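The block underneath contains the structure these notes are about, expressed in structure tokens.
The values are calculated or read from the model by the stated rules, or taken from the named source; none is laboratory data. As the structure is a computational prediction, the values presented were derived from the model and not from experiment. For neighbour counting, all protein chains shown are included, and Cβ atoms are generated from backbone atoms with ideal geometry for every residue, glycine included.
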């Protein structure tokens, strides 16, 4: 084994040691789900902010940001950064749910506002989101150890999964918060190393020139992100679970800070794509840049992917545990041993099921699932969540409003998925807004969101909900 092939494994070993040292070896049932300290103190503002930030610096998001800036120039990186306004949208929306309704989770709110059936439909939707987070982040991390389908690739996927399960299974949310803090600091340090390497060449040669068509396509993607950000955060429990860990005011401050940290990280990392374009390197800059820059830079990139991807996967496991043990049963009181057992079993189950899509590489002439699909397609499917949460202050809105907003969005997203993967034309070209690769997506999302909002309002008129307003939280 050469130094080039051995070095990534040494980075993985170092990552595992640091993460394990930061992991609590024993937690109570409440700590496993709410992340509190041994004395029952809720996690502080900074701890929640750092945890929320690094869990949204997904390995796949880092890759997407570099790819988009490579394709569309600076507008591509800015567009992907716009998704990080999700922290402000979710933070403000959930702040009002908690202070005006006293709700302890999104499922708690949904059951009270729209009924148990609607809550379970929502939970199934976010379960699909969590499923996608496992394979997409595992794939991105494993590609630094070998080409897709190689022995080193599969061994890395297995090692990353087993290690992440080991501490997520034992420590839950408490372990996730504490390891996230370390991973955030290390990821920022490694990002600084990358930027120090890139900026001298970018400063001397300037940003890459992009064609007018590519620039306009990048602006179209920016608009798509701004439309999807109204619904996107509510279907990600990795984010929203952290919105219920500490006091509402502290949570809001933590989320705004997390948005600045993670959005800034993504924007700065998008310069990797600009650098690759300037230097004439091949596409997939998150791989081509370190490959062309020597062993040290490859290890730095490997470390960033391990920090970001590992934090997302352990948070995904924690969210799955909570969904299975508490949210699905609509139980929002203090966790018990029964909840802990169910949650830990769910962690093992999603670790196995969530990586099965990686095996599709063996289905004929298939290159495995594309990680960008886990963002743009799911963002379209959940457009109906925008009115369900952001217009929830309408007292007359009830179950019919939920259904008339949710199902049209899901149907549109499924049709768009069929178009994307089957390479067939279903939506008429008259829906196109803007130009370039994402012009049809923008049109579909604008018109689709309009349909979902209209349906929500009609539901409130046709079947008004007649109940008293919930008591405000103290």
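Among the residues in the range 143-156, are any in a helix (DSSP H, G or I) and under 26 Å from residue 52 (Cβ atoms)? I'd like the intermediate steps shown before the answer.
The first filter runs over the range 143-156 and keeps only residues in a helix (DSSP H, G or I), leaving 151-156.
From the residues that got through so far, the ones that are under 26 Å from residue 52 (Cβ atoms) too are none.
Checked against the condition, which is being in a helix (DSSP H, G or I) and under 26 Å from residue 52 (Cβ atoms), the range 143-156 yields no hits at all.
When you look at residue 61, is it modelled with pLDDT under 95, in the same structural domain as residue 229 (by TED's automatic domain parsing) and within 25 Å of residue 314 (Cβ to Cβ), yes or no?
Values: modelled with pLDDT under 95: yes; in the same structural domain as residue 229 (by TED's automatic domain parsing): yes; within 25 Å of residue 314 (Cβ to Cβ): yes.
It is true that residue 61 is modelled with pLDDT under 95, in the same structural domain as residue 229 (by TED's automatic domain parsing) and within 25 Å of residue 314 (Cβ to Cβ).
Yes/no matrix, rows are residues, columns are (1) under 24 Å from residue 94 (Cα atoms); (2) at pLDDT 95 or above; (3) in a helix (DSSP H, G or I); (4) touching a strand residue (DSSP E or B) at 6+ places or on another chain (Cβ under 8 Å):
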| site | (1), (2), (3), (4) |
| --- | --- |
| 309 | no, no, yes, no |
| 331 | yes, no, no, no |
| 342 | no, yes, yes, no |
| 368 | no, no, no, no |
| 380 | yes, no, yes, no |
| 389 | yes, yes, yes, no |
| 395 | yes, no, no, no |
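Suppose the filter is surrounded by fewer than 18 Cβ atoms within 10 Å (Cβ to Cβ), in contact (Cβ under 8 Å) with a residue 40 or more places away in the chain and in a helix (DSSP H, G or I); does residue 352 pass it? If you could, list the steps in order and put the result at the bottom.
Numbers: surrounded by fewer than 18 Cβ atoms within 10 Å (Cβ to Cβ): yes; in contact (Cβ under 8 Å) with a residue 40 or more places away in the chain: no; in a helix (DSSP H, G or I): yes.
Spelling it out, it is not the case that residue 352 is surrounded by fewer than 18 Cβ atoms within 10 Å (Cβ to Cβ), in contact (Cβ under 8 Å) with a residue 40 or more places away in the chain and in a helix (DSSP H, G or I).
Matching residues to (1) buried (at least 21 other Cβ atoms within 10 Å of the Cβ); (2) in the same structural domain as residue 9 (by TED's automatic domain parsing); (3) under 24 Å from residue 237 (Cβ atoms):
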{"residue": "131", "(1), (2), (3)": "no, yes, yes"}
{"residue": "134", "(1), (2), (3)": "yes, yes, yes"}
{"residue": "151", "(1), (2), (3)": "no, yes, no"}
{"residue": "170", "(1), (2), (3)": "no, yes, yes"}
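Scan the range 58-68 and tell me whether some residue there is surrounded by 24 or more Cβ atoms within 10 Å (Cβ to Cβ), in contact with a helix residue (DSSP H, G or I) (Cβ under 8 Å, 6 or more places away or on another chain) and not in a helix (DSSP H, G or I).
Among the residues of the range 58-68, at least one is surrounded by 24 or more Cβ atoms within 10 Å (Cβ to Cβ), in contact with a helix residue (DSSP H, G or I) (Cβ under 8 Å, 6 or more places away or on another chain) and not in a helix (DSSP H, G or I), which makes the answer yes.
Mind listing just one residue for me: the one in the range 265-284 that is within 27 Å of the chain's Cα centre (by Cα), in contact (Cβ under 8 Å) with a residue 40 or more places away in the chain and farther than 17 Å from residue 79 by Cα and, of those, surrounded by the fewest Cβ atoms within 10 Å (Cβ to Cβ)? Before you say what the answer is, go through the steps one by one.
Of the residues in the range 265-284, the ones within 27 Å of the chain's Cα centre (by Cα) are 265-277, 282-284.
In the following step, the residues that additionally are in contact (Cβ under 8 Å) with a residue 40 or more places away in the chain were identified as 265-277, 283-284.
The next check asks that each one be farther than 17 Å from residue 79 by Cα; those that pass are 275-277, 283-284.
Values: 275: 28, 276: 25, 277: 20, 283: 13, 284: 16.
In this case the residue turns out to be 283.
Among (1) more than 21 Å from residue 456 (Cα to Cα); (2) assigned to a helix (DSSP H, G or I), where does residue 119 come up short?
Unmet condition: (1).
Quick check: anything in the range 13-26 farther than 30 Å from residue 291 by Cα and part of a helix (DSSP H, G or I)?
Our first condition is that a residue be farther than 30 Å from residue 291 by Cα; within the range 13-26, this holds for 21-26.
Restricting the remaining residues to those that are part of a helix (DSSP H, G or I) gives 21.
Checked the range 13-26: at least one residue is farther than 30 Å from residue 291 by Cα and part of a helix (DSSP H, G or I).
Listed residues 104, 174, 181; which is outside any helix (DSSP H, G or I) and under 22 Å from the mean Cα position of the chain (by Cα)? So that I can check it myself, show each step before the final result.
Values: 174 fails: outside any helix (DSSP H, G or I); 181 fails: outside any helix (DSSP H, G or I).
Of 104, 174, 181, the one residue that is outside any helix (DSSP H, G or I) and under 22 Å from the mean Cα position of the chain (by Cα) is 104.
Is there a residue in the range 459-467 that is crowded, with 18+ Cβ neighbours inside 10 Å and either farther than 30 Å from residue 210 by Cα or touching a residue at least 60 places away in the same chain (Cβ under 8 Å) (or both)? Even if it seems obvious, please write down each step before you answer.
Initial filter on the range 459-467 (crowded, with 18+ Cβ neighbours inside 10 Å): 459-460.
Keeping just the survivors that are either farther than 30 Å from residue 210 by Cα or touching a residue at least 60 places away in the same chain (Cβ under 8 Å) (or both) gives 459-460.
Checked the range 459-467: at least one residue is crowded, with 18+ Cβ neighbours inside 10 Å and either farther than 30 Å from residue 210 by Cα or touching a residue at least 60 places away in the same chain (Cβ under 8 Å) (or both).
Can you tell which of 433, 457 is modelled with pLDDT of 95 or more, more than 23 Å from the chain's Cα centre (by Cα) and closer than 27 Å to residue 75 by Cβ? Spell out how you get there, then give the answer.
Numbers: 457 fails: closer than 27 Å to residue 75 by Cβ.
Exactly one residue qualifies, and that residue is 433.
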